[in-house]
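The values are calculated or read from the model by the stated rules, or taken from the named source; none is laboratory data. These figures come from a predicted structure and were not determined experimentally. Backbone-built Cβ (ideal geometry, glycine too); neighbour counts: all protein chains shown. Note: accessible area is taken over every heavy atom of the protein model, side chains too, but ligands, DNA and RNA are not part of it. Shrake-Rupley method; radii C 1.70, N 1.55, O 1.52, S 1.80 Å.
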Amino acid sequence: MNYRHAFHAGNVADVHKHVILLAVLDYLLQKPKPILYLDTHAGRGEYDLRSAEAERSNEWQYGIGRVLNVQFNSPALRRYQHIVRELQSQLRSTHVYPGSPLIAHSVLRDMDRRVLVEAHAEECVALRKCMRQQHELNLTINDGDGYHALRAYLPPKEKRGMVLIDPPFEASDEFIQLQQGLKTAAERWPTGVYCLWYPLKAGGLVNPFYAALKQSGLTKLLLLELWVRPIDTPLGLNGSGLLIMNPPWQLDVHMRTALNELLPTLAPEGQGGVRVQWLVS
Ligand SMILES: C[S@@+](CC[C@H](N)C(=O)[O-])C[C@H]1O[C@@H](n2cnc3c(N)ncnc32)[C@H](O)[C@@H]1O
């Protein structure tokens, strides 16, 4: 496992993912009943944007660096800006970017349960340290495999909640693992809300993933994609997608507005695009 999210924290893909993560959580938190938040590939929780890793590629400058001070209209974008700023002020630094565990934690209530899984030993130690500072009660941190966690923690006793599956895409069969992971999880807990992250790169690597999901028998699958340069540009990450199973009501409508408003800020050269589409409705 060589992947370190510190090189990429706060980049375009993180902004896209975390805007949607917050929108999904906000919807689930409307009811006064506890939920489970399961983050199968949690990362280290917070990232120093002045670290050697972050400075090597400065990816955050094209992501959160472009987004934080823009005057947006979309409530989802304003909410995201507000939460990131609040966490930065809590962490006493504008050079810190919060990862998914911290972003989720900042909106979850005491009664909600957090399960964070991070397989990389050093990252997991950092995650424990980060979450300790949050005085967290209703929290499990697991240093095992994120896909195994789908079997271990689902279905949850709360019967409501969401699962974020955000793997590093180091393994050549990650798309297959992702699709099989969703199938396993959905068999155990068909009514959960699932958010699966995937990269958009040249070569149509994502096409067999769409095809397998279409044939899987799973329903209510929504694609929320954003790219900042033409999708067939060779080398590198051109954009990212989140596949949402059982999306909250009208998430497609709200995210179409939000992502279209976000696009010109993240792709000022006008080479990007947004796709909000039901893969299976
Ligand atoms: C893309 S990063 C996660 C970013 C995080 N979800 C966020 O949004 O802030 C993927 C993480 O998965 C971890 N990882 C790699 N293989 C894993 C596995 N099999 N199970 C759990 N975590 C794994 C990596 O160490 C890395 O920290």
Exercise. Name the residues in the range 97-114 that are more than 12 Å from the ligand (Cβ to nearest atom), open to solvent by less than 20 Å² (accessible area, probe 1.4 Å) and in a strand (DSSP E or B), would you?
Worked result: R114
Exercise. When you look at L213, is it within 18 Å of the chain's Cα centre (by Cα) and closer than 26 Å to G272 by Cβ, yes or no?
Worked result: no
Exercise. Among the numbered criteria (1) closer than 18 Å to G146 by Cβ; (2) open to solvent by 20 Å² or more (accessible area, probe 1.4 Å); (3) of a type in the set (S, T, Y), which single criterion is violated by Y198?
Worked result: (2)
For this session: Evaluate the range 160-179: report whether one residue or more is in a helix (DSSP H, G or I), surrounded by 15 or more Cβ atoms within 10 Å (Cβ to Cβ) and of a type in the set (K, R).
Result: no
Exercise. Has the range 247-269 got any residue that is within 21 Å of H41 (Cα to Cα) and surrounded by 20 or more Cβ atoms within 10 Å (Cβ to Cβ)?
Worked result: yes
Exercise. On the given criteria, is Y153 among the aromatic types (F, W, Y), within 29 Å of K220 (Cβ to Cβ), buried (at least 21 other Cβ atoms within 10 Å of the Cβ) and over 18 Å from the mean Cα position of the chain (by Cα)?
Worked result: yes
For this session: Could you please give the count of residues in the range 167-210 that are modelled with pLDDT of 95 or more, among the hydroxyl-bearing types (S, T, Y) and within 16 Å of the ligand (Cβ to nearest atom)?
Result: 3
For this session: State whether the residues of the range 115-122 include one that is on the phi < 0 side of the Ramachandran plot, within 15 Å of the ligand (Cβ to nearest atom) and part of a helix (DSSP H, G or I).
Result: yes
Exercise. For the range 33-46, what are the residues that are more than 8 Å from the ligand (Cβ to nearest atom) and either open to solvent by less than 10 Å² (accessible area, probe 1.4 Å) or not in a loop (DSSP other than H, G, I, E, B) (or both)?
Worked result: I35, L36, Y37, L38, E46
